[in-house]
Amino acid sequence: MKKILVTGGCGFLGSHLCEKLLKRKSFVFCVDNLFTGDKDNISHIIGNKNFRFIKKDINKGINLQVDEIFNLACPASPIHYQYDPVETIKTNVQGTINILNLAKKCGSKVFQASTSEVYGDPVLHPQKENYWGNVNPIGLRSCYDEGKRCAETLFFDYFRQHKIKIKVARIFNTFGPRMHVNDGRVVSNFVVQALKNEDITIYGKGNQTRSFCYVDDMIEGIINFFYSSNKITGPMNLGNIQECSMKNLAEEIIFLTQSKSKIIFKKLPSDDPKKRKPDISYALKTIKWEPKTSLREGLLKTISYFKKAI
Ligand code: NAD
Ligand code: UDP
């Protein structure tokens, strides 16, 4: 049986990925320091004989024998990655070096959860993989954006220098069940606020856009990509092309929850990207993947989850 390491496996995406990999008859090691992750996210698989949770910080090094690695460890919400920015960079640089050294030692294929944030506040729209981005190197978001850019550099240097098998995906905004109630990202904030009939907090005027992908589609994309030919290294955009302004998102969530919430406007955080939408033609062509779930369908499933979680 194949042994797979998932770092960040107690987080939102990581827990869904562990679940899917177990269904593919693999042994899964889930390594997480529980900074933003929660053991509740893996409570339904913790008893599985092919699953083992190890509480560990990837920055401190890992010694396991594994065939495949998915590196997802890193806080993903701006409030969480800005809480201790130095630790965020360390996770993306020192943590990534530790993971790549493990892959080199074991001869394992390794996946990196990179991000659309590598494009920063993009000038090119929609974003294609060959766009180099527009990133502030010294701003509040830089610990994450530049950290993830450096992680990509490390992946491609290990690929060229040490011939390891790599897969780098640039994940665009993803949402769904198991996002933390206090995650701070926009979908969980708006849904929780709407369900509690509290004010919905739009940052800025609400005309900034994002393109939201439902979690099941994203996990399918990650798995299709990982198990495609080793020649397909990426970086590959994974995301939904349905673009939406934050104002429209707030209105849709109020409508779907039949909420009495009012929209209020708060200060826009610095360096907040004005628009974001993936060009996914590379994924469509090489791994025959595109998301199937509409924003409304995904939001309805997420709303049902949060009704029980809050
Ligand atoms: P999350 O915060 O729910 O999960 C991250 C997990 O990593 C948590 O369980 C956390 O405890 C763990 N972690 C953080 N630092 C660690 C460390 N040093 N050692 C061990 N574990 C550590 O976030 P998520 O949304 O599930 O994101 C997972 C990955 O996907 C992240 O790398 C993120 O950058 C990337 N990503 C996510 C999105 C998205 O929209 N969800 C978009 C782009 C990229
Ligand atoms: N946002 C908002 N209200 C919130 C949380 C976020 O208007 O309560 C905005 C945020 O400023 C950004 C967009 O929603 O423009 C997406 O934010 P998120 O933190 O989810 O992701 P990211 O900015 O990293 O894409």
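The values are calculated or read from the model by the stated rules, or taken from the named source; none is laboratory data. None of the values given here were measured: they were computed from a predicted structure. Please note: Cβ atoms are built from the backbone with ideal geometry, for glycine as well, and neighbour counts cover all protein chains shown. For accessibility, only protein heavy atoms count, side chains too; no ligands or nucleic acids. Shrake-Rupley method; radii C 1.70, N 1.55, O 1.52, S 1.80 Å.
Couple of notes before you dig in:
- When residues in the stretch 102-144 are screened for being surrounded by 15 or more Cβ atoms within 10 Å (Cβ to Cβ), assigned to a helix (DSSP H, G or I) and away from ligand 1 (no atom under 15 Å from the Cβ), 3 of them pass.
- Residue ID - most open to solvent (accessible area, probe 1.4 Å), chosen from residues in the stretch 188-204 that are more than 16 Å from ligand 1 (Cβ to nearest atom) and within 23 Å of the chain's Cα centre (by Cα): Y203
- The set of residues in the stretch 267-300 being among the basic types (K, R) and within 16 Å of ligand 2 (Cβ to nearest atom) consists of K267, K274, K275, R276, K277.
- Screening P273 on (1) open to solvent by less than 30 Å² (accessible area, probe 1.4 Å); (2) in contact with a Gly (Cβ under 6 Å, 6 or more places away or on another chain) shows it passes everything except condition (2).
- One residue alone among N207, N182 is away from ligand 1 (no atom under 11 Å from the Cβ) and modelled with pLDDT under 95, and that residue is N182.
- Scanning the stretch 243-266 for residues that are farther than 15 Å from K205 by Cβ, within 15 Å of ligand 2 (Cβ to nearest atom) and either surrounded by fewer than 18 Cβ atoms within 10 Å (Cβ to Cβ) or acidic (D, E) (or both) returns E243, E252, K262.
- Test: residue in the stretch 145-166 that is open to solvent by less than 20 Å² (accessible area, probe 1.4 Å) and touching an Asp or Glu at 6+ places or on another chain (Cβ under 7 Å): yes
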